[in-house]
Amino acid sequence: MGVNPDILELFPEGTTVEADRGLTVGGVALSEVADRFSTPAYVVDEAGLRARIRRYQQALSAGWPDSRLVFASKSFPCVAAYRLMAQAGIGVDVAGLGELAAALRGGVQGRNLVLHGNAKTGAEIEMAVAAGVGLVVVDNFDDIDRLERAVEHAVAGRQDVLVRVLPEVRADTYEAVATGQKGSKFGLPLDQVPRAVERIRASAKLRMAGVHTHVGSQILDVEPFSAAVRALAGLGEFETYNLGGGLGARYTYTDHPPEPEEWIGAITDTARRHLPGSSRLMIEPGRSLVARSGVTLYRVVNVKRGDRVTVAVDGGMADNMEVALYGQRFEATLVDRVGGGERVDIVGRHCESGDRISSGVTLRSPRVGDVIAVPVTGAYCHTMANNYNGALKAPVVFCADGEAREVVRRETLTDFFARDTSEWIDVS
């Protein structure tokens, strides 16, 4: 079929192109997924995701024996994904009431959960304590007050906590997802950490388990992570060091993020030089763990030819906010004419000029009704799905061993109006 191999490098591992079926993921033809579940639709290569988890587990255990892999679930807060993580035996971090409830629904045990958040509500803290969440990451002094009250009311003994540290490390990434620099809303400045540690150690309701830091997301260099380790080392010795996540994903041909082994190796090598060997090391990958396993399918609605060729699809910023928020670039291909072709702009159907999937991608003679596949959408697209222009949220379809199963169904108009308390008016 004359396929450009570069485009396949962005799709889930094991993606193939078959002469009679076109692009396949998990042994399932994407054209068949589009026909069966309609579009837009999120597709996940289940086996590829499981393999990715094992790869991280192996690299981390080889680099630091007493270690724990934790999935940053804000990147893909789907009950089926939580269930997969629980089956894989890794921890899960959550940062809100819905994520916590979904993780528990997916079978993640409370002791394997880490609760994050720079502005945790009382309800979230109370639910976390009641569920037996293993670690609560203290972001501020008010967290300490609320946690102590929640533990006292729950008669739950003592709650293990980590103190989130602002390491004053500025990673080279989008401003909106940089979190470790001075002035960030996350964590406590270095000079305030000792006071927080002292308060927690003096508490009858909390137990000081260690420290946490996170320098940002979509980071394509290992040095900021090493710098964060060195920042934590200056605070003293602790039982646990949680170094967060942030490794970038390869969204386009020009992206070259470190491989997971390189990222983890940089962290563990720096840890061996600066942290106590008896401590536990935790990392929290999110985007880099799930992004490549996901593909979004769209159907072409119209093609305009003028100064530029514009291909409009039946989705957009309601199902992928990454372009509008960060200017993140995505690649794309037709599922039955893979790779190569003329340069086009793929635009969404929503009422903003910024509603684009990608500009300057190559498609082979696009026409109305074609199915377009956009790779590397497994992180944050389902997370930030919305109802702009009344769009109904897309389904999530897991593909494995030649079978497709819908783990999140498409939103219906009944769902859309479920929270509306207005009186219904018949205008017929």
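The values are calculated or read from the model by the stated rules, or taken from the named source; none is laboratory data. Since we're looking at a predicted model, the values are computed, not measured. Glycine also receives a Cβ, built like all others from the backbone with ideal geometry; neighbour counts cover every protein chain displayed. The protein model used for the area step is the full one, side chains on, heavy atoms only, and it has no ligands, DNA or RNA in it. Shrake-Rupley method; radii C 1.70, N 1.55, O 1.52, S 1.80 Å.
Against the test of being touching a residue at least 24 places away in the same chain (Cβ under 8 Å), open to solvent by 40 Å² or more (accessible area, probe 1.4 Å) and not in a helix (DSSP H, G or I), the options R68, R55, R83, R50 yield a single qualifying residue, R68. Considering each residue of the range 210-221 in turn, none proves to be assigned to a helix (DSSP H, G or I), of a type in the set (V, I, T), more than 19 Å from the chain's Cα centre (by Cα) and buried (at least 19 other Cβ atoms within 10 Å of the Cβ). Would you check if there is a residue in the range 307-314 being of a type in the set (S, T, N, Q) and either at pLDDT 95 or above or surrounded by 20 or more Cβ atoms within 10 Å (Cβ to Cβ) (or both)? Looking through the range 307-314, at least one residue is of a type in the set (S, T, N, Q) and either at pLDDT 95 or above or surrounded by 20 or more Cβ atoms within 10 Å (Cβ to Cβ) (or both). Which residue is most open to solvent (accessible area, probe 1.4 Å), if the candidates are limited to the range 344-372 and must be within 23 Å of S38 (Cβ to Cβ) and out of contact with any strand residue (DSSP E or B) (no Cβ under 9 Å at 6 or more places or on another chain)? Selected residue: C351.
Of the residues that make up the range 272-282, is at least one in contact with a strand residue (DSSP E or B) (Cβ under 9 Å, 6 or more places away or on another chain), among the charged types (D, E, K, R), closer than 16 Å to E9 by Cα and open to solvent by 10 Å² or more (accessible area, probe 1.4 Å)? No, that holds for no residue.
Rundown of residues vs (1) within 19 Å of F225 (Cα to Cα); (2) acidic (D, E); (3) at pLDDT 95 or above; (4) surrounded by fewer than 21 Cβ atoms within 10 Å (Cβ to Cβ), yes/no style:
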site	(1), (2), (3), (4)
G89	no, no, yes, yes
A101	no, no, yes, yes
D160	no, yes, yes, yes
A176	yes, no, no, yes
L188	yes, no, no, no
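May I ask you to verify whether R405 is under 25 Å from the mean Cα position of the chain (by Cα) and either assigned to a strand (DSSP E or B) or over 30 Å from V94 (Cα atoms) (or both)? Here the answer is yes, as R405 does meet what is asked.
In the range 21-47, what residues are open to solvent by less than 20 Å² (accessible area, probe 1.4 Å), within 20 Å of A391 (Cβ to Cβ) and not aliphatic (A, V, I, L, M)? T39, P40, Y42, listed by residue number.
Of the strands (runs of 3 or more DSSP E) lying entirely inside the range 249-354, those carrying at least 2 residues that are out of contact with any Phe, Trp or Tyr (no Cβ under 9 Å at 6 or more places or on another chain) are 294-305, 309-313, 342-347. Scanning the range 210-239 for residues that are farther than 19 Å from S288 by Cα and among the small types (G, A, S) yields a total of 6. Looking only at residues in the range 405-421 that are hydrophobic (A, V, I, L, M, F, W, C) and closer than 18 Å to E46 by Cα, the one that is surrounded by the fewest Cβ atoms within 10 Å (Cβ to Cβ) is V407. Just one residue in the set G378, G341, G390, G402 is surrounded by fewer than 21 Cβ atoms within 10 Å (Cβ to Cβ) and in contact (Cβ under 8 Å) with a residue 60 or more places away in the chain; that residue is G402. The listed residues are T296, T254, T268, and the only one of them that is open to solvent by less than 10 Å² (accessible area, probe 1.4 Å), out of contact with any helix residue (DSSP H, G or I) (no Cβ under 9 Å at 6 or more places or on another chain) and not aliphatic (A, V, I, L, M) turns out to be T296.
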